[in-house]
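Each value in this text was obtained by applying a stated rule to the coordinates, not by laboratory testing. All values reported here derive from a predicted model rather than from experimental measurement. Cβ coordinates were reconstructed from backbone atoms using ideal geometry, including for glycine residues, and neighbour counts include every protein chain displayed.
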Number of protein chains: 6
Amino acid sequence: MSDTLRADGRTTDQLREVTIERGWSDQAEGSALISYGRTKVLCTASFTNGVPRWMAGKGKGWVTAEYSMLPRSTNSRMDRESVKGKIGGRTHEISRLIGRSLRAVVDMKALGENTIVIDCDVLQADGGTRTAAITGAYVALADALEWGREKRFIGQKAVPLLDSVSAVSVGIVKGEPMLDLAYVEDVRAETDMNVVVTGRGLFVEVQGTAEAAPFDRSELDSLLDLALAGTVTLTEFQTTALGR
Amino acid sequence: MSDTLRADGRTTDQLREVTIERGWSDQAEGSALISYGRTKVLCTASFTNGVPRWMAGKGKGWVTAEYSMLPRSTNSRMDRESVKGKIGGRTHEISRLIGRSLRAVVDMKALGENTIVIDCDVLQADGGTRTAAITGAYVALADALEWGREKRFIGQKAVPLLDSVSAVSVGIVKGEPMLDLAYVEDVRAETDMNVVVTGRGLFVEVQGTAEAAPFDRSELDSLLDLALAGTVTLTEFQTTALGR
Amino acid sequence: MSDTLRADGRTTDQLREVTIERGWSDQAEGSALISYGRTKVLCTASFTNGVPRWMAGKGKGWVTAEYSMLPRSTNSRMDRESVKGKIGGRTHEISRLIGRSLRAVVDMKALGENTIVIDCDVLQADGGTRTAAITGAYVALADALEWGREKRFIGQKAVPLLDSVSAVSVGIVKGEPMLDLAYVEDVRAETDMNVVVTGRGLFVEVQGTAEAAPFDRSELDSLLDLALAGTVTLTEFQTTALGR
Amino acid sequence: MSDTLRADGRTTDQLREVTIERGWSDQAEGSALISYGRTKVLCTASFTNGVPRWMAGKGKGWVTAEYSMLPRSTNSRMDRESVKGKIGGRTHEISRLIGRSLRAVVDMKALGENTIVIDCDVLQADGGTRTAAITGAYVALADALEWGREKRFIGQKAVPLLDSVSAVSVGIVKGEPMLDLAYVEDVRAETDMNVVVTGRGLFVEVQGTAEAAPFDRSELDSLLDLALAGTVTLTEFQTTALGR
Amino acid sequence: MSDTLRADGRTTDQLREVTIERGWSDQAEGSALISYGRTKVLCTASFTNGVPRWMAGKGKGWVTAEYSMLPRSTNSRMDRESVKGKIGGRTHEISRLIGRSLRAVVDMKALGENTIVIDCDVLQADGGTRTAAITGAYVALADALEWGREKRFIGQKAVPLLDSVSAVSVGIVKGEPMLDLAYVEDVRAETDMNVVVTGRGLFVEVQGTAEAAPFDRSELDSLLDLALAGTVTLTEFQTTALGR
Amino acid sequence: MSDTLRADGRTTDQLREVTIERGWSDQAEGSALISYGRTKVLCTASFTNGVPRWMAGKGKGWVTAEYSMLPRSTNSRMDRESVKGKIGGRTHEISRLIGRSLRAVVDMKALGENTIVIDCDVLQADGGTRTAAITGAYVALADALEWGREKRFIGQKAVPLLDSVSAVSVGIVKGEPMLDLAYVEDVRAETDMNVVVTGRGLFVEVQGTAEAAPFDRSELDSLLDLALAGTVTLTEFQTTALGR
């Protein structure tokens, strides 16, 4: 791998600078302002006692997520989805991805009939917003679960987490597999993959897309190698942020 | 692998019965009624000379797709999205997947400023609707491109296709990797993956989701093996349907 | 009447070829794929025990219908109403017509507190879609009622049908009254009428519209004569399809 | 026919009191506040030079209509369709009916590339709102056309009207055919029919619906007789209002 | 102040002709058709026993309002908000203003668990529609409360009104403060203010906006003087209309 | 005035701590993250060359604003307006207020045919979000105008600002007029007023509402005194932030 390939001087297997400002919000039960380089996402976790009606009486909890971008988080202003009166396909897709990723590490039985809504609002976007959102949302989620335990809404000694979860994008740019694509890399990528991995190194989601050129099995393998290494580092940032 | 695992008697690496009724519609430039077992999807391809305004003047074409389920395609009736007044996240996600999958095999320069809209309407659903839709849509697309060539909207000797494309679902059910999940298998799968592969065996999309349990690298590899073998067979069905 | 007036060689009092494929769907309690010539409509009847809240406790059932066209059922592609986010006036009007027509032959007291939702999805359109929908929907309805009787949701010896119902369009084209207009005839009609008639020959709906020229009483009478004769034949097709 | 059948003492072939306040609005090019008994509809006709883009260049005009009810025009308050965010089927159906009825008497060629939008807003409802709307809208339309002629947007000596048009409801209540149903009669009617007739006595629309019991040919004939007689009277009211 | 400043010959401190037609509607519990010059607003008050679920059990009532303009109430036709599928900001703002203004004079405890919905529909607009709506709505409200008292839904000897309320617009046109702006004045105003005042002369709402030029404290004072004087006269019209 | 009245120890005429982080966003032409105590609003100004079609050719610019709250900016989570599919009345009202306030200090002729869209997104809410938004938006606006001047989209030596603008809330709580209400004060206020004032001390907006009790002229005067003093201080914060 070459040190000089990337605009910001990173090596191909290097993450951007990651910061996690835990407890950013005074209002939410859990929150984190996460940045992957210039990408900044405010993640809050709202804990509510009880579950939606269609889930009641099963003794299980529910975790869901909503993702959104501020209109001027991007280089040119986008119209608000509230003004357009409908949510676009990309927003839906990412909200669903975040929700599934978090549910994969929550013990719903142990959570009991409680609901956690995760909000991931992109304040500034420079590629990798969905993966930063997942990594930050985990921190917010962990704090909201701890809050629920302290308030005795969760009748458990430990918070109902089976594992931690983080995410990173990988892609092939000019034939070269790379970790954690910034926006300028993302738009040029032949193949783009978002990988969600637990703290123990198991896959939760693998979403690879041939943006410009179909990819073969060995390329897929290289991308997975990069992603697994990257999420090891991201897990460490989460552990540090949570003071564990 | 065991022959007796599956409700319908298939082996774990066996597709359901596949049929492709090419040219089902009298109205569309290309069409196919495809079935994967009891799953039936009507795919039409509508050819329009010209492109959306935001693409005009670039000398390139556009291919897009819309997916929908009839309200009683499923075991219990779903409300229509037209009645609800908005399209759900799952519908958006699948429409986008089909569009990307087809665009991956079209030479947009050679297509010229022409638009193809693919409609995939699920008449009956029993798992695998999105993968059947992609496989059927390719047949409809090929015929619509041929129609455009005959009508001289495409100024080319050959239809502007770089490759063919087909798709299949795979998943892990009770610890066993399986090909082409029917609905009863899909709801019990620990992990579920949709794989879109070109006729030459390259990946276009890999979308794996841990529905119940995160998966490791060797499980991922087994699923990809099954999917690659399955799409070889699906490619043959497409070739036969297209009479090549 | 002249044999040579119509593009497809029919006499003015002749229906197009009618086929009714009863039980087309594996999922619905009742279903029929009906064709009037090239017009094809998939009709399903979904039986649900119980009624909407506003009807509960009255000991009466409810029958309602929804009509929709696939985007490429027509010669040029129409936008989906789900994408537009609202249902057009024509769709509303036809859905309401189908619902009223079927309710006219159901004994709501005998149905008891059960709901039947009829879905009529036009797979291919060539004129007369609303009338084909009514004729096909009756077959689906009859089977769904029979299903409800067998499952003992309906506590009756006989299915709660007062009569059968079918429908046909009639119109005046170049001064000539004609039965069962195909699309090319429909667009040229001076007057267009949809007539819904019971098996016993009573009117359920008479909807005549002067598209191009107001019509007099004798023209109205000729159109009603044609429609009454046509629905006698359609009733026979229904009886045959239902194996009675 | 019996004099004592009806709550308000009318004979079965008698209209309610009809008043037409022509030119009610200071703003519109044509307007009329019409009442059929307690039913009051404000009809305005807005004349615009030019036609919608899809009609331009054909040398023909366009007439369209929108119907709406004030939320407390009825005995119990209805939610506003603007608040619900969508227009109901009934509103769509009636708007379309009014538009078709008026177009039937306008010479679109002579109108030239001009558009008239008719608004019929029900201020108070007591049955027959759609028929009152049509009768009143004709008066507003005639004045708007005259305005367009005076302003020389219409290059014709005479206003481009082929005929006048009015409408009335008829129905069978307790087995008795009746003219111009008030709300209390309408809800009890076995059969309900709205008939739109030109000044020369030709039918524009005949919409009969068996609300409770299918009807036979002789009942249909009785209803048409009543409607034709009623519209003769309504035409006289229009002529008087227009001062001709 | 000059007598010749205004197009309609009014002095700067003079209201337009005000008429209040109390009980205009046969359907509503209270109603008034109010005019401020050519501005005409139909106000109805709908009394319902009970309150929205979120208010139940508190022993208090609820008053809310909706404002709307007929499409051709204005000089050029506006699209209907029901057709656009959403309510505009101005409509929302005015509906909220009317609701707050009326709630300020109702004793919610004395009203008990009853709801009053005020509808203000502008039949013709010539400036000052929101202020006319408030003044007229008070009359409709008073009658609906009296109706509720007579029907014993309100268990009180007197109607639960703390005061009366009326409203007027004021503005600075060409440097001159003026009362009750007509449309031609309103569009030219440098500053525009709507003032809602109780019968006892206390402020309920003061909404001043610098349309063209920021205003100073003395201009604000002049406007408030005019408004307070104007609402004294409007209160007299209300008292007369209510026959007190 | 008493020092001990307020929960946070402020005197009645004291602002909360105000901070303005100018240039918070890397993406927008102008931006500021403003806080009034715990209330935090991210304001961005997006500069676009050109104006909406309906304004083109007049040689004048356009400034508009959109306000929104993050779902968990408040103590309990609110549903997103994008998910609800419509924008609420309060949001509309505040967006319009911000837009008008900024337009009052922009010289539209000097701006030329350029558009500035202001986005004010509330990241955390504790009362006074609309007034903080206006004060912060002015800073973002000033920078965006400076950017436009440097890029020569504005053909002027100076930025086209006539004055600066800031805003503050005032209210009467337990009979005591107070400056800059925090949320706990706002909900208890008898009267609540938002005042927008230019740097020169002229009023742009005065919006006073009797939430619980109508107010008299002297109370109004006390509130205006407080607001005028408060905005003097806010203007100084703006000047400091802009480094002038």
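Two-decimal Rg/Rh of the protein assembly as shown from alpha-carbon positions, Kirkwood Rh?
In the protein assembly as shown, Rg relative to Rh is 0.97.
Is there a quick way to get the dipole size of chain A? I mean about its Cα centre, with the Cβ of Lys and Arg at +1 and of Asp and Glu at -1; what is the value in debye to the nearest 20?
Details: 29 positive and 33 negative charges, 213 e Å.
About 1020 debye.
Under 1.5 on a/c is rounded, so check that first for the range D:124-195, then, if it is not, pick prolate when a/b is larger than b/c and oblate when it is not; a ≥ b ≥ c are the square roots of the alpha carbon gyration tensor eigenvalues. Working shown, then result.
Working: a/c = 6.42, a/b = 3.14, b/c = 2.05.
The shape class here is prolate.
Enumerate the calculated ³J(HN,Hα) couplings along the range B:62-67 in order (Karplus 6.51 cos²θ - 1.76 cosθ + 1.60, θ = phi - 60°), each rounded to whole Hz, writing x wherever the residue is Gly or Pro.
9, 10, 9, 9, 10, 10
Rounded to whole Å and ordered largest first, report the semi-axes of the equivalent ellipsoid of the range D:1-76 derived from its Cα gyration tensor (root of 5λ). Before the final figure, lay out the partial values.
On the way: eigenvalues 263, 48, 35 Å².
The answer is 36, 15, 13 Å, longest axis first.
Round to a whole angstrom and tell me the spacing of the C-alpha centers of the range F:95-163 and the range A:92-130.
35
Hey, can you grab everything whose amide H is under 5 Å from the amide H of E:K40? Only 5+ residues off in sequence or another chain; H modelled, so Pro and N-termini drop out.
Those qualifying (amide H under 5 Å, at least 5 residues apart or on another chain) are E:L123, E:Q124, E:A125, E:D126.
For chain F, what is the relative contact order in percent, using Cα pairs closer than 8 Å and at least 6 residues apart in sequence?
Numbers: 546 pairs, mean separation 50.9, N = 244.
The normalised contact order for chain F reaches 21 percent.
Can you check what the net charge comes to around B:E113, using other residues whose Cβ is under 11 Å from the Cβ of B:E113 (Lys, Arg +1; Asp, Glu -1)? Walk me through the numbers on the way to the answer.
Working: positive: B:K58, B:K60, B:K109; negative: none.
Result for the local shell: +3.
What residues qualify as long-range amide H neighbours of E:G112, i.e. H under 5 Å apart, gap of 5 or more or another chain, H built at 1.01 Å from N?
Those lying under 5 Å, H to H, from E:G112 are E:G61.
Work out the FRET efficiency for D:R149 and D:E21 from their Cβ-Cβ distance, taking R0 = 25 Å, and round it to the nearest 0.05. Could the numbers behind the result be given before it?
Values: r = 23 Å, r/R0 = 0.91.
Once rounded, the FRET efficiency stands at 0.65.
Under the rule a/c < 1.5 gives rounded, and otherwise a/b versus b/c splits prolate from oblate, where does the range B:65-211 land using the Cα gyration tensor? Could you put the intermediate results ahead of the total?
Values: a/c = 2.62, a/b = 1.51, b/c = 1.74.
Cα axes put the range B:65-211 in the oblate bin.
Checking understanding here: applying a Kyte-Doolittle mean of at least -0.5 and a length along the axis of at least 18 Å (C-alpha), which whole DSSP H helices in chain D pass?
On the way: long enough: D:89-103 (21 Å, -0.75); D:129-150 (31 Å, 0.11); D:217-241 (36 Å, 0.31).
Sorted by number, the helices that extend far enough and score high enough are D:129-150, D:217-241.
In nm, to one decimal, how far is the B:R188 label point from the A:R90 one, both placed 7 Å along Cα→Cβ?
Inter-label distance under the simple model: 4.0 nm.
If you take every DSSP beta bridge whose two residues both sit in the range D:29-161, what share of them, in percent to the nearest 5, is antiparallel? Please list the in-between numbers first.
Working: 18 of 26 bridges.
Looking only at bridges with both residues in the range D:29-161, the antiparallel portion is about 70 percent.
Near the amide H of E:D107, under 5 Å away, which other amide H atoms are found, from residues 5 or more places off or on another chain, if H is placed in the peptide plane?
Amide H neighbours of E:D107: E:L161, E:L162.
Relative contact order for the range B:35-172: what is it in percent, counting Cα pairs under 8 Å that are at least 6 residues apart? Before the final figure, lay out the partial values.
Working: 257 pairs, mean separation 53.2, N = 138.
Contact order relative to length: 39 percent.
³J(HN,Hα) across the range C:10-15 via Karplus (A = 6.51, B = -1.76, C = 1.60, θ = phi - 60°), whole Hz, x for Gly/Pro?
3J(HN,Hα) across the range C:10-15, in whole Hz: 6, 6, 5, 9, 10, 6.
Apply the a/c threshold of 1.5 to the C-alpha gyration tensor of the range F:1-153 and tell me whether it is rounded, prolate or oblate. The partial results should precede the final answer.
On the way: a/c = 2.19, a/b = 1.60, b/c = 1.36.
It is prolate, given that a/c is not under 1.5 and a/b is the larger ratio.
Output wanted: per-residue J couplings in Hz (rounded whole) for the range F:167-182, from phi through Karplus 6.51 cos²θ - 1.76 cosθ + 1.60, θ = phi - 60°, x for Gly and Pro.
8, 8, 9, 9, x, 10, 10, 6, x, 10, x, 9, 9, 6, 6, 7
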